[in-house]
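Contents: one structure, followed by commentary.
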Amino acid sequence: MAESRIVQAVQKEDFLRALAFVLPHEKTSCALTRKILDREEGVYLIERGRDRGAGSEWERTRGPDSARGSDRGRDYDRSRAGGASSRPVVDGVFFFVEDDILLPCLAGIRSGGLKALAAFLDGKKLFCISGLEEELRKLRPLLADLPHPPRLRERRDYFFLEHTDRAAAGQAIAALPADCRMQMAGPADEAALLPLHYAYVREEVLLPGGTLNEGFERRQLHEALEKQVVVMAVCPAVRDAATPSAPDAAALSAPDGAEGPRPPAGVLAKAGTNAIASKVMQLGGVYTIAGERGRGLAAALTAFLAESAARKGFATVLFVHKKNPAAIAAYRRAGFTDSGRAYTIEYYS
């Protein structure tokens, strides 16, 4: 049996093969799918090569016909197979940047592929792994047996939810409190949303003893407002007299790219996408200020995003911490149901 190898995606064909593997699992690999579509550096394939003659051995990514690969993947093996009949089989796909995140899609992977991935990670600085628990469960013991195993700092367990009930979404949107309005957010709204974003990171993201990096998080919010879909709940009662009236929920089905008016000081809640792939939107960054919780704001915002996605033929997914019953209840009111699959984020140091 031919051994498995790690191949960095460099050429267009590499990304297309990675995409073909991941698309059937797009709902649970939305962020990874987006990175493949954007052809980001850091996408890798786990390949199981076919038995071939000495004339078509695996070769290093060097030489005049792979100059781009020599810059971005010189330390990793790739196939130089000529025809489709000798093309190696893709056993898994992952995104990895050292001292950052590992996003794996390992559906149906064989033991050789898992061992190749573990060996690839040996000695590298890993901050976190984010993926399906059923896949991480297979990788965990192999990482522990490495000569230089990563040290687990914290594990967080989530339910993986999918939006399935559009009738419930409509009810959640209609139940938005009368003193609130929904409106789209854009880059001009960064200052108004920044306090909510900081609070979200402190409550939901930071590890125990961690310190908020305000500059980094400001850039994260700015990028989200430029590239993602963000909606917020505002309180018109505290709106500045010069600020235009906020549109109602129906008006938010305006053409893509349309921005609503700037928000007032009374921004009460926010929600948005953190990845938009081929036909799936993944939600994240949902936050309601402490004094406004329990009023249905998060349910209304996420329901609106899911309903808007459904009208465009997109599925909507999210994951929620298993120890956050208030959030779980809000998402159920919005029409999300448990997929039956567990999602895990593991942090390392």
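Please treat every number below as a calculation from the coordinates, not as lab data. Keep in mind that this is a model prediction, so the values were computed, not measured. Cβ sites come from the backbone with ideal geometry, for glycine too, and all protein chains shown count toward neighbours.
One decimal place: the segment ASP157-LYS279 gains 41.4 nm when fully extended, by the rule 0.36 nm per residue minus the C-alpha distance.
Legend: calculated FRET efficiency, ARG137 to ALA174, from the Cβ-Cβ distance at R0 = 30 Å, rounded to 0.05, equals 0.15. Under the simplified labelling scheme, the GLU13-ALA188 pair shows an inter-label distance of 4.9 nm, with each label point 7 Å from Cα along Cα→Cβ. Segment 277-320 and segment 162-233 have Cα centres separated by 10 Å. Each label point was placed 7 Å from the Cα along the Cα-to-Cβ direction; for GLU40 and GLU98 their separation is 1.9 nm.
If we count every other residue with Cβ under 13 angstrom of ILE289's Cβ, Lys/Arg +1 and Asp/Glu -1, where does the sum land? Residues close to ILE289 contribute a combined charge of +2. Near ALA300: Cβ cut-off under 11 Å, other residues only, Lys/Arg at +1 and Asp/Glu at -1. The net charge is +2. Can you work out the FRET efficiency for the pair GLU204 and LEU146, with r the C-beta to C-beta distance and R0 = 30 Å, to the nearest 0.05? Working from the Cβ atoms, E equals 0.50.
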